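The structure under discussion appears below in the form of structure tokens.
The values are calculated or read from the model by the stated rules, or taken from the named source; none is laboratory data. Everything numeric here is computed off the predicted structure, so don't read it as measured data. So basically every Cβ, Gly included, is an ideal-geometry build from the backbone, and we count neighbours across all protein chains shown.
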Amino acid sequence: MNSLEVRNLNKSFGNNQVLTNINFEVKKGDFVSLLGPSGCGKTTILRIINGLETADSGEIIVNGKEITSVPVEKRNIGMVFQNYALFPTMSVEKNIAYGLNIRRKSKAEIADKVKWALKLVKLEGYGDRKITKLSGGQQQRVALARALVIEPEILLLDEPLSALDRKIRAEMQYEVRNIQQKVGITTIFVTHDQEEALTMSDKVILMNKGVIEQTSDPISLYNFPESIFASDFLGKSNILKGILEKREEAWYIKGEDWEFKVKHRGGESGIPVHLAIRGEHIRIEDQPFDGSQTYKITQKIFMGLICKMIGKLGKDEIEVSVLNLQAEKFSVGDIAYVAPAIENTLYFEQK
């Protein structure tokens, strides 16, 4: 049974259509990310699910029950906002207990649940502290505890890690996912950070300009994007223009000064296409090999584990990513030889 179904959701603000026919389902206990650039509509979806916004049309169904018209306070949905929305004058304990007090739970039950929540987010002993005395990561844990302590059916997270520095953010990605799995709660996570979505999610819903571009598990979404937008938004792809050609039983994409053999993924010979190749899917050698093309290295950028090389493929510029140790044999100005892995080479008809 699906925990959440979103059916035919549409939303406009004035003349601005922000959501168009949004449909997706989330299985019980899954962690699903809504990923996309700013302004694509992902936070609006979250607010409609929670009841903070009203859709122009469409349905929200939680555990088989249609809740589109149910008031926000009766939806039993937990939400962590981007700015956490904690009460600065209250202690950690009182912030966490806020939702339970609104629901008129007994003092004994509140005490037990707050104790459980503090342990869950590893803040035991912090109950009496003021929010203003906590670090950003600790505040994020309090916000998460407050959302979970009411035992919601769905947990919504609206870019809750965006205010944290890089190191703490990476730690909290692991912590949030670990807590979600411990509790087993169905979670919708909004982010514009590709790495965050790929790292944390069971499924990613990629959005662009108010529509869903692609829905997939992280590995398939990264390796087999279904559009130019998906190719370039999830990690950087080299986007080249060429012509799809069939010769005997093989298929190629031919550019101005290069050509690569590809796996046929549809389209007739002779059509113009965009070729999308990720840098890590390109083989580079110092000697010619079967299917390789000449590549002149113009920049070499050390990035720790990997090294990025930028160079000329004829008149086109492409980026190649290789392990640092493999890159030692190449220098700026060298002529190398490159070819993409056929399985990971994608193309899309030019429109």
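Would you say I271 is surrounded by 15 or more Cβ atoms within 10 Å (Cβ to Cβ), in contact with a strand residue (DSSP E or B) (Cβ under 8 Å, 6 or more places away or on another chain) and not basic (K, R)?
no
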message = Of the residues G41, G36, only one is closer than 25 Å to D202 by Cβ, small (G, A, S) and in contact with a Gly (Cβ under 8 Å, 6 or more places away or on another chain); which?
response = G41
query = Only one residue in Q181, Q214, Q173 is in the same structural domain as R104 (by TED's automatic domain parsing), at negative phi, of a type outside the set (F, W, Y) and touching a strand residue (DSSP E or B) at 6+ places or on another chain (Cβ under 7 Å), so which one is that?
reply = Q214
request  = Examine the range 214-237 for a residue that is surrounded by 15 or more Cβ atoms within 10 Å (Cβ to Cβ), within 32 Å of the chain's Cα centre (by Cα) and within 14 Å of A339 (Cβ to Cβ), and state whether such a residue exists.
outcome  = no
inquiry  = Condition first: part of a strand (DSSP E or B), more than 22 Å from the chain's Cα centre (by Cα) and small (G, A, S). Now tell me which residues in the range 1-27 satisfy that.
reply    = S12
note = Here the residues within the range 315-339 that are of a type in the set (G, A, S) and closer than 13 Å to N238 by Cβ are S321, A339
inquiry  = Could you tell me how many of the residues in the range 59-89 are closer than 20 Å to L120 by Cβ and either of a type in the set (S, T, Y) or surrounded by 15 or more Cβ atoms within 10 Å (Cβ to Cβ) (or both)?
reply    = 8
query = Restricting the search to the range 274-295, which residues are among the charged types (D, E, K, R) and exposed (fewer than 15 other Cβ atoms within 10 Å of the Cβ)?
reply = R283, D286, D290
query = Quick one: which of G78, G58, G99 is closer than 22 Å to R141 by Cα, part of a strand (DSSP E or B), in the same structural domain as N208 (by TED's automatic domain parsing) and over 20 Å from the mean Cα position of the chain (by Cα)?
reply = G78
